[in-house]
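Following: one structure in structure tokens, then a few remarks.
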Amino acid sequence: MDIKNLLRKNIAELQPYSCARDEFKGEASVYLDANENPYNAPYNRYPDPLQWKVKEAISEIKHVPATNIFLGNGSDEPIDLLYRAFCEPRIDNVVAIEPTYGMYKVCANINDIEYRKVLLNNSFDFSADEMLQTADEKTKLMWLCSPNNPTGNSLNQDEIAKLLKNFMGIVVVDEAYIDFSSQPGFATKLHEFPNLVILQTFSKAWGSAAIRLGMAFASVEIVQVLNKIKYPYNINILTQKQALKALQEKEQVSNWVQALISERAWLTDELQKLDIIKHIYPTDANFVLVKVDDANAVYQYLVNKSIIVRNRNTVSLCLGCIRITVGTREENEVLIKNLKGF
């Protein structure tokens, strides 16, 4: 597959902005190139525009070459950039599973791209054939989220591979919750599928939602395109420093993940004992989707108790459902205690 054939013509021909730090690599004793204030080090200097130290640290943990990594301001930045790189407004379209993470559709609307939905089955899984049948010659991207949000389940990996083999466009697999899943992710399969883009994040397992750092793993060619159209210094120095600190504490992150998986099992067991819970859906994420008699009433009742969950009652296939993030044991006990009083 030649990625260039999928690009918008103006993006393929684009001459990117060249910032001062793109033109110089390495360390110097005197910096007089970027019109920076010489005072207030280190915050007076522009950050590394390609975040190489962070990428190298991620590479060691994820076993993905640094050249195959793009870093964005949250996962929302690469989501938006993929639309801008590959989808011609009012001409091209994308196909996505439904229900799923809402930003895929929001970014489609922002970029004036037709967004085609393929409803999941009763097991919240998808069919590659249905996705392919929904596509046409103007379909540039397909969106999969596994484990999926808000359903929590991992998608069938054979179906994902089938889609990657048979779709002549970009397949995006959002693995924001992969650390909580028993299934392996697709990061080690980048060399097999040149049309694969994997999204991961520091917001979930890494406990760093506040620093807004998302990861995209893809072919060198796709990463080069994303770097070409991103803002020059999209990841600030504070985020880069905190990311490096977090990456040095990967054992702590592993402990958090194991604790949350254990709490997920405890929370599920306790929810099953409650009369108001009608169904608990299987989950590989750090949240649980549950069906209740009256989702709106349960949600408002919990809000009045200063407990915030997510009401998913209006989402496709999620009628009567609320989504509960797995908290600490203390937080989960407060939730269960109050649900008993509903």
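Quick note: the coordinates plus some simple rules give every number you see, no bench work behind them. Note that this is a predicted model, so its numbers are computed, not measured. Every residue, glycine as well, gets a Cβ built from its backbone with ideal geometry; the counts of neighbours run over all protein chains shown.
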Test of understanding: ordering THR67, THR314, THR139, THR151 by Cβ neighbours within 10 Å, fewest first, what list do you get? THR314, THR67, THR139, THR151
Which aspartates and glutamates have a Cα lying under 14 Å from the Cα of LYS230, excluding residues fewer than 8 positions away in the same chain? ASP22, ASP48, ASP76, GLU77, ASP80
Dimensions (Å) - the chain, Cα atoms, principal axes, largest first: 67, 51, 32
Between helix 157-166 and the chain: long-axis angle, C-alpha atoms, 0 to 90°, nearest 10: 40 degrees
Over the chain: helical MRE at 222 nm, DSSP H runs n ≥ 4 each giving -39500 (n - 2.57), nearest 500: -10000 deg cm²/dmol
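How about segment 17-56: which GluC sites (Glu not before Pro) there are in a DSSP loop, with at most 13 other Cβ atoms within 10 Å of their Cβ?
Hits after loop and neighbour filter: GLU23, GLU27.
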Assuming a viscosity of 1.306 mPa s and a temperature of 10 °C, what translational diffusion coefficient in µm² per second does Stokes-Einstein assign to segment 251-340, Rh being the Kirkwood radius over Cα pairs? 119 µm²/s
Can you list which of the trypsin sites (Lys or Arg not before Pro) found in segment 247-308 are DSSP loop residues with at most 15 other C-beta atoms within 10 Å? LYS273, LYS305
Under 17 Å from LYS305, Cα to Cα: lysines that are on another chain or at least 8 residues apart: LYS337, LYS340
To the nearest 10 degrees, how steeply does helix 295-304 sit against the main Cα axis of the chain, on a 0 to 90 scale? 80 degrees
Between VAL326 and residues 5 or more places away or on another chain, which pairs have amide H atoms under 5 Å apart, with H built 1.01 Å from N, and which residues are they? PHE287, VAL288
Loop-resident sites, segment 4-60, for trypsin sites (Lys or Arg not before Pro), counting at most 11 other Cβ within 10 Å (DSSP): LYS25
Tilt relative to the chain, helix 220-229 - C-alpha long axis, 0 to 90 degrees, to 10: 80 degrees
